[in-house]
Amino acid sequence: MLFNSFEYAIFLPLVFIVYWFLLNKSLTLQNIFLLLVSYLFYSFWDWRFLFLLAFSTFLDYFTGLRISNATSSDKKKIWLFISVFVNLGFLGFFKYYNFFIESFAELMSAIGLKAHLTTLNIILPVGISFYTFHGLSYVFDIYNKKIRPTTNWVEYALFVSFFPLLVAGPIERATHLLPQVEKIRTFDYTKAVDGLRQILWGLFKKIVIADTCAVYVNLIFNNSESYSGSTLILGAVLFAFQIYGDFSGYTDIALGTARLLGFELLKNFSYPYFSRDIAEFWRRWHISLSTWFRDYLYIPLGGSRGGMYKKIRNTLIIFLVSGFWHGANWTFIVWGLLNAIYIMPSIILKTNRNHLDIVASGKLFPSIKEAVQLFVTFALTTFAWIFFRANDLHHALSYISGIFSYDLFSIPFLTHPELFKSIICIMLIVVFLVIEWIGRSNKYAIEKIGQRQHRLVRWAFYYAVAFSILLSYGKNQEFIYFQF
Amino acid sequence: MKKKFIKRGTLFLLLPFLLLASSLFIADGRTDPYYIRFTTPKQNNMIVGSSRAAQGILPSAIDSILNKGGYHTTMFNYAFTINQSPYGPTYYESIKNKLNENAKNGIFIVTVDPWTLYLKEEKENNKIIFPEDNLSLGKIKCVDCHPNFDYLLYSYSSPLLMIWMTKLLRILNLEGKESLYLHNDGWLEVSVGMDSTEVQKRIRKKIKDLENEYPSAPDFHLSSDRIYYLNKIIEFFRKHGEVFLVRIPVHEKIKDIENKVCPQFDSLMNDIARKNSVDYLNFINDSTIYEFTDGNHLYKDSGHKLSEKIGEFILNKQLQDNFEETMGSF
């Protein structure tokens with residue numbers, strides 16, 4: 001079930017009413033109910049994969065208990081290994097099997113050998129990368145004695161499969177979400193309104209920004225060989241907003257939904273396109289994944305301890321792994337590598353923590369220096385997105401070479417009349433950026449917009465947002481991050 | 001507090017909800033070129049084919065000719081577009097759904113051209129891919145539901161609010177001069193400027209589109225899979241009445257392209273007609289007596305003229321059959 005579907009528009013109010021009005025007296029019943037509706041939510045995609053989800057949940061629950069009860073460190077390690085091996089085994093099989101087979105065959109043919117290997121027609125279970133990482137974080141935290149394992153299977157299963165975060169995150173930590181599952185939740189009017197507001201904003205980002213951009217992005221990327229250099233730049237810029245609107249829109253809906261039900265999920269985005277350097281960008285983009293890799297990969301590898309060489313090596317590793325996590329394609333690996341290259345100067349010069357606060361805090365406009373920094377960071381990021389969006393490496397490289405053609409300085413709309421309507425898309429992006437800029441100090445852009453004004457003014461603004469959604473709402477478009 | 005939240009939330013969402021919900025009920029022939037065809041009851045007589053038939057054959061014109069001859073038929077145009085309704089399993093199933101299973105003595109017009117029988121050969125797991133499977137005709141199971149929520153929610157390609165917007169534009173008389181109107185009998189009325197420069201421009205574009213989308217001779221081949229389904233549809237219709245295979249006229253330039261990519265088309269259609277004991281009405285050489293909006297589609301007045309011709313042929317055939325039947329009984 002998609003967050004932007006009619007099914008969800010019926011599903012969520014029903015869940016809300018049953019949860020708060022019928023089951024509000026019993027935490028256990030509320031949790032069982034949420035678990036059941038989470039499984040129902042997932043089954044809308046493919047009920048057969050519920051067994052995989054249930055198995056993965058049971059495995060981590062069981063190994064968590066075993067690690068905690070193990071009498072020796074060797075036994076702990078064995079149970080940890082079992083959990084990691086099986087979890088990553090499933091992930092590897094469903095997500096990476098064909099990639100490894102094809103890459104191996106290509107390597108063989110490059111050295112003149114023929115490998116007759118067959119690939120499988122495998123369905124990638126939606127959300128597998130996300131719920132695998134949920135489970136792994138739980139097992140790692142138990143192993144590292146950060147938490148004690150829960151003995152309540154329902155609570156643990158709900159932590160893994162809570163429907164707002166099940167298919168595309170944020171990647172939660174047991175230390176953050178499990179205590180909320182275990183605690184009695186009381187209805188809070190202000191938080192519920194806040195949740196609804198964030199859902200509205202998420203839908204705007206997804207339907208008005210991302211889906212509108214998607215039309216032109218697909219047109220340009222799918223016919224990149226016939227477009228001018230300037231048009232290809234337009235395609236890349238629109239994709240930058242498409243992916244941001246798509247993924248952060250999804251996250252806003254997830255966070256808003258969770259808040260309606262009394263939960264607070266981890267923040268996943270914090271205005272990444274208002275970053276002054278790449279290090280800041282990565283502190284603001286897909287935060288739950290970056291911190292996951294930091295805590296469970298970068299730090300165990302030694303982190304920044306052990307000298308500059310290790311620091312560079314570890315940074316390179318987490319960016320490559322992060323790229324690979326996104327998908328079984330060399331384009332994602334190059335995207336990760338490119339970002340690693342971007343961030344290296346600031347790692348070496350130790351300037352990677354220069355910008356910890358939001359840009360131009362308390363000011364209306366950024367300084368010229370900040371504006372240049374924002375532009376350069378956005379340009380670098382957008383360039384890397386070309387690899388993320390391209391079908392394969394060859395496509396990405398031909399797209400980039402197409403940019404640097406003689407018609408780089410032509411006007412896209414004049415040379416390609418079919419793109420004329422994309423002006424509307426650009427205008428929408430400008431409005432969106434203005435709102436995001438105004439609200440950049442808040443959890444999400446419209447959190448406090450109109451709070452001091454009369455309710456009528458506030459509602460007029462919300463209605464404007466709602467109607468722009470309705471005017472853009474066509475066929476349900478899937479969220480990009482469902483495939484990861 | 002919970003009740004207050006529900007009250008205010010409902011109040012806020014009421015207007016958008018009412019607008020969305022009402023748009024499902026006000027959808028009509030102006031909504032899009034397909035919707036009405038999925039809302040009318042199951043039919044006893046049918047016209048099938050691509051957009052050439054959708055725009056070029058007027059059920060009302062055929063009905064009026066047949067009515068004059070004492071036959072009370074209600075024809076229905078169930079033709080869509082070249083992408084939606086080429087002959088294949090999707091169209092076959094949809095036609096089966098749309099036809100009243102108790103229909104008897106029906107009249108069925110099956111329009112043909114090389115493009116509705118073309119298929120770019122692609123296979124997945126050794127199964128032929130018919131691209132139309134994933135379009136609305138392949139997805140809509142209920143073809144006689146009114147209102148058709150299934151279609152509006154999952155196949156309608158514009159935002160639902162556009163249904164209201166289109167209605168408002170019409171009420172305020174702000175509609176552009178080019179418009180589409182899908183009549184209740186399934187005929188798609190297309191109103192466009194018929195100034196000769198505009199028409200020539202559209203013909204040039206159509207020719208360019210055909211050249212871009214289809215291979216040229218000698219690489220163009222009719223698909224045996226599509227021909228198989230054309231035969232199946234004819235066989236199916238024959239169980240419920242009389243079938244007429246029709247080739248609609250097109251502009252000379254497009255006719256030349258069709259003759260070039262598929263010179264054997266008419267002889268193949270004659271074979272199919274003979275094999276199935278149906279008539280083949282070939283109007284392809286009548287280009288000069290009709291007007292076209294873009295070379296590929298008949299202008300509405302010409303569509304009327306052609307439909308009357310088809311109606312007259314059917315009427316004569318019916319009268320002749322009746323005469324032979326009556327004579328036979330003596």
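The values are calculated or read from the model by the stated rules, or taken from the named source; none is laboratory data. Model, not experiment: these values are computed from the prediction. Cβ placement follows ideal geometry from the backbone for every residue including glycine, while neighbour counts extend to all protein chains displayed. Protein only, heavy atoms only, side chains kept; ligands, DNA and RNA dropped before computing areas. Shrake-Rupley method; radii C 1.70, N 1.55, O 1.52, S 1.80 Å.
Peptide B:1-10 shows a mean partner chain C-beta count of 5 within 10 Å per residue C-beta. In order along the range A:307-317, phi translates into HN-Hα couplings of x, 5, 4, 5, 5, 5, 4, 5, 5, 4, 4 Hz, rounded to whole numbers, per the Karplus curve 6.51 cos²θ - 1.76 cosθ + 1.60 with θ = phi - 60° and x for Gly and Pro.
In a simple Cβ point-charge model (Lys, Arg +1; Asp, Glu -1; nothing else charged), chain B has a dipole of about 1620 debye relative to its Cα centre.
Working note: Cα gyration tensor of the range A:189-291, eigenvalues times five, square-rooted, sorted largest first, giving semi-axes of 30, 17, 9 Å. Shape class of the range A:404-467 from the alpha-carbon gyration tensor: prolate, with a/c at 1.5 or above and a/b greater than b/c.
Among the residues of A:468-474, the average count of other protein chain beta-carbon atoms within 10 Å of the residue beta-carbon is 5. Within 10 Å, at most 15 other Cβ atoms, and a DSSP state outside H, G, I, E, B define an exposed site. Report the longest part of chain A free of exposed GluC sites (Glu not before Pro). Looking at chain A, A:1-263 is the longest stretch - no exposed GluC sites (Glu not before Pro) with at most 15 other Cβ atoms within 10 Å.
With the cut-off at 29 Å, tell me which of the pairs B:K98/B:K127; A:K146/A:K205; A:K206/B:K177 have Cα atoms farther apart than that.
Pairs exceeding the cut-off: A:K146/A:K205; A:K206/B:K177.
For B:L281, the residues whose modelled amide H falls within less than 5 Å of its own, excluding neighbours fewer than 5 places apart on the same chain, are B:L245, B:V246, B:R247.
Partner aspartates and glutamates whose Cα lies under 13 Å from the Cα of B:K120, excluding those fewer than 8 positions away in the same chain, are identified as B:E132, B:E213, B:D219, B:D225. Among the listed pairs B:K232/B:K305; A:K191/A:K448; B:K206/B:K300; B:K68/B:K232; A:K191/B:K3; B:K42/B:K104, those with a Cα-Cα distance over 22 Å are B:K232/B:K305; B:K68/B:K232. Taking amide H atoms as placed 1.01 Å from N in the peptide plane, the amide H of B:I109 lies under 5 Å from those of B:M46, B:I47, B:V48, B:F244, each 5 or more residues away in sequence or on another chain. Computed with a 1.4 Å probe over protein heavy atoms only, the accessible area of B:T197 comes to about 90 Å².
Compute the acute angle (0 to 90°) between the alpha-carbon long axis of helix B:300-329 and the principal axis of greatest extent of the alpha-carbon atoms of chain B; round to the nearest 10°. In chain B, helix B:300-329 runs at an angle near 50 degrees to the longest axis. Going by the alpha-carbon gyration tensor, a ≥ b ≥ c the square roots of its eigenvalues, is the range B:140-276 rounded (a/c under 1.5) or, if a/c is not under 1.5, prolate (a/b greater than b/c) versus oblate? In terms of gyration-tensor shape, oblate. Net charge in the neighbourhood of A:F274 (other residues with Cβ under 10 Å of its Cβ; Lys, Arg +1, Asp, Glu -1) is 0.
Partner lysines whose Cα lies under 29 Å from the Cα of A:K350, excluding those fewer than 8 positions away in the same chain, are identified as A:K267, A:K310, A:K311, A:K363, A:K369, A:K443.
A simple count of charges around A:E172, restricted to other residues whose Cβ falls under 12 Å of its Cβ and scoring Lys, Arg +1 and Asp, Glu -1, yields 0. Placing one equal scatterer on every Cα of the range B:67-216 and applying the Debye formula, the log10 ratio I(q)/I(0) at q = 0.17 Å⁻¹ is -1.36.
Computed from point charges on the beta carbon alone (+1 for Lys and Arg, -1 for Asp and Glu), the dipole magnitude for the range B:69-203 about its Cα centre is near 140 Debye. Bridging of B:K139 to aspartates and glutamates at a Cα separation below 14 Å is possible for B:E93, B:D150, once same-chain residues fewer than 8 apart are set aside. Of the residues A:V334, A:F365, A:M344, the one whose Cα sits farthest towards the positive end of the charge dipole of the range A:292-398 is A:M344 (charges of +1 on Lys and Arg Cβ, -1 on Asp and Glu Cβ, taken about the Cα centre). Which one, A:N121, A:P300, B:P89, projects farthest toward the positive side of the charge dipole computed for the protein assembly as shown from Cβ point charges (K/R +1, D/E -1)? Checking the options against the dipole of the protein assembly as shown, the answer is A:P300.
Buried on complex formation within the range B:143-163 (loss of at least 40 square angstrom of accessible surface versus the isolated chain, 1.4 Å probe, ligands and nucleic acids ignored): B:L153, B:Y154, B:P159, B:L161.
Percentage of Cα-Cα pair distances in the range B:1-99 greater than 16 Å, rounded to whole percent?
Details: 3321 of 4851 pairs.
Cα-Cα pairs of the range B:1-99 separated by over 16 Å account for 68 percent.
Residues B:E252, B:E324, sorted by accessible area with the largest first, give B:E324, B:E252 [1.4 Å probe; ligands and nucleic acids excluded].
Counting Lys and Arg as +1 and Asp and Glu as -1, what is the net charge of the other residues whose Cβ lies under 12 Å from the Cβ of A:F81?
Once all neighbours under 12 Å are counted, the net charge is +3.
Note that the range A:306-373, at 20 °C in a medium of 1.002 mPa s, gets a Stokes-Einstein diffusion coefficient of 154 µm²/s from its Kirkwood radius over C-alpha pairs. The listed residues B:D219, B:D150, A:D194, once ranked by accessible area (1.4 Å probe) with the largest placed first, stand as B:D219, B:D150, A:D194.
The convex hull of the Cα atoms of the protein assembly as shown, projected and averaged over all directions, covers 43.1 nm². Its residues counted as N, the range B:281-330 yields a C-alpha radius of gyration over 2.2 N^0.38 Å of 1.61. So how tilted is helix B:59-68 from the main axis of chain B? Cα-based, degrees 0 to 90, rounded to 10. Helix B:59-68 sits at roughly 50 degrees to that axis. The charge dipole of the protein assembly as shown, taken about its Cα centre with unit charges on the Cβ of Lys, Arg, Asp and Glu (plus for the first two, minus for the last two), comes to roughly 4140 debye. Alpha carbon centre of the range A:1-52 versus the range B:148-224: separation in Å? The range A:1-52 and the range B:148-224 have Cα centres separated by 41 Å.
For the range A:52-201, just say rounded, prolate or oblate: build the C-alpha gyration tensor, square-root its eigenvalues into a ≥ b ≥ c, call rounded for a/c under 1.5, and beyond that prolate if a/b exceeds b/c, oblate if not. The shape class here is oblate.
Among B:M165, A:M108, what's the order by accessible area (1.4 angstrom probe), most exposed first?
These residues rank, largest area first, as B:M165, A:M108.
With every protein chain left in place and a probe of 1.4 Å, what is the accessible surface of B:T40, to the nearest 10 Å²? So the heavy atoms of B:T40 present about 20 Å² to solvent.
Our note on the geometry: Cα centres of the range B:8-64 and the range A:321-343, 48 Å apart. Hey, could you get me the Stokes-Einstein D for chain B, Kirkwood radius over alpha-carbon pairs, 37 °C and 0.692 mPa s, rounded to whole µm² s⁻¹? The Stokes-Einstein estimate is 153 µm²/s. Between the amide H of B:Q43 and those of B:L99, B:N100, distances stay under 5 Å, these residues lying 5 or more places away or on another chain, with hydrogens modeled in the peptide plane. Rounded to the nearest Hz, the phi-derived 3J(HN,Hα) couplings of the range A:37-48 under the Karplus curve 6.51 cos²θ - 1.76 cosθ + 1.60 (θ = phi - 60°) are 5, 5, 5, 4, 4, 5, 5, 4, 7, 6, 5, 4, where x marks glycine and proline.
Choose one of B:V190, B:P218, B:Y228: the residue whose Cα lies farthest towards the positive end of the charge dipole of the range B:187-305 (beta-carbon charges +1 Lys, Arg; -1 Asp, Glu; about the Cα centre). It is B:Y228. With only the Cα atoms considered, chain A has a convex hull volume of 175 Å³ per residue.
Here the Karplus curve 6.51 cos²θ - 1.76 cosθ + 1.60, taken at θ = phi - 60°, turns the phi angles of the range A:255-263 into couplings of 5, x, 4, 4, 5, 4, 9, x, 10 Hz, with x standing for Gly and Pro. Which residues among the range B:48-75 fall inside the zone where the amide N is under 18 Å from a point 7 Å beyond the Cα of B:N105, along Cα→Cβ? Within reach of a label on B:N105: B:63-75.
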